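A quick write-up on the structure given underneath.
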């Protein structure tokens, strides 16, 4: 397993390591004695118990067998898989194309009632036009994905947008003014996207905040992130996709969202900013 990109990942690794240490102590084995039973270097047990080295699934099964705790092996192996799934490299997530990556988050969206999203440089996916989504995913595919299934991935994202029509769900979006002004996909696509953003901003279950460029702003830009109810945060990093479930860390993202939202404009003021951006496109 790779070194953690998040305290959530590190905390989960520590919980697993503590449980393995507990099994060793219950078996009344020293670290070197356990290593000898498993056929390992004597320092390996210490590295695992201190969450320096992550165990493999086979390591866990060997550990449980040496501690006469085979009945614990399946649960601990499942915990290991959960930890490994917290951070997923793009190369691994998108190895069969972009459609699969889009489909993978559908269950999460379907079970969420309250969505909060912050995006510093692009329009959030639920608010994108087909042309804007196509341009964004095409750029991603050319940059890092060998399989070209962009059209299929776009269809999945367009279908996902239907949840905006569910009055039982609420959506709060924060974007930086730079995301509105960027024109990343060209003038025609950008103009259509801004018009679509204006229309979506009037939905009764949706809040759109735009953070204007200001020299005196207090809250600095951070990486884009989604908060799903209060159960999970997803962060898109340059290197991969991070899933956060640790309550204390979720609280940090919720707090940052609140700080950023205090700098945003909403309603008529946000729509005026969008119209001004449209005027710059000519």
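Values computed for the structure shown
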read-out	value
Alpha carbon Rg of the stretch 7-85, scaled by the compact-globule rule 2.2 N^0.38 Å	0.99
Selected from 222, 180, 233 as most flexible by GNM, with the chain as the system and alpha-carbon contacts under 10 Å	222
Semi-axis lengths, Å, the chain, gyration tensor of Cα atoms, sqrt of 5 times eigenvalues	45, 20, 16
Burial ordering of 181, 23, fewest other beta-carbon atoms within 10 Å first	181, 23
Calculated Rg and Dmax of the stretch 95-162 using C-alpha coordinates, Å	12.1, 35
C-alpha center-to-center spacing [the stretch 127-205, the stretch 95-119] in angstrom	13
DSSP bridge pairs, the stretch 88-280: antiparallel proportion in percent, nearest 5	55
Gaussian network model of the chain, springs between alpha carbon atoms under 10 Å - residue of 196, 41, 213 with greatest fluctuation	41
Fewest-first sequence of 113, 182 by Cβ atoms within 10 Å of each Cβ	113, 182
Evaluated at q = 0.11, 0.21, 0.25 Å⁻¹: base-10 log I(q)/I(0), Debye formula over Cα of the stretch 163-255	-0.43, -1.29, -1.30
The chain: calculated mean residue ellipticity at 222 nm from DSSP helix runs of at least 4, using -39500 (n - 2.57)	-15500 deg cm²/dmol
All-pairs Cα distance distribution in the stretch 124-282, expressed in whole percent, bin size 5 Å	1, 8, 15, 19, 22, 19, 12, 4, 1, 0
Cut-off 16 Å (backbone N to label point 7 Å along Cα→Cβ of residue 75), residues of the stretch 11-54	15-27
Among 267, 39, 255: highest mean-square fluctuation, GNM of the chain, C-alpha pairs under 10 Å	39
Radius ratio Rg over Rh of the stretch 201-255, counting only Cα atoms, Kirkwood formula for Rh	1.02
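Since every read-out is calculated from the coordinates, none of them should be taken as a lab result. None of these values were measured; they are calculated from a predicted model. With ideal geometry, Cβ positions are generated from the backbone for all residues, glycine too; neighbour counts draw on all protein chains shown.
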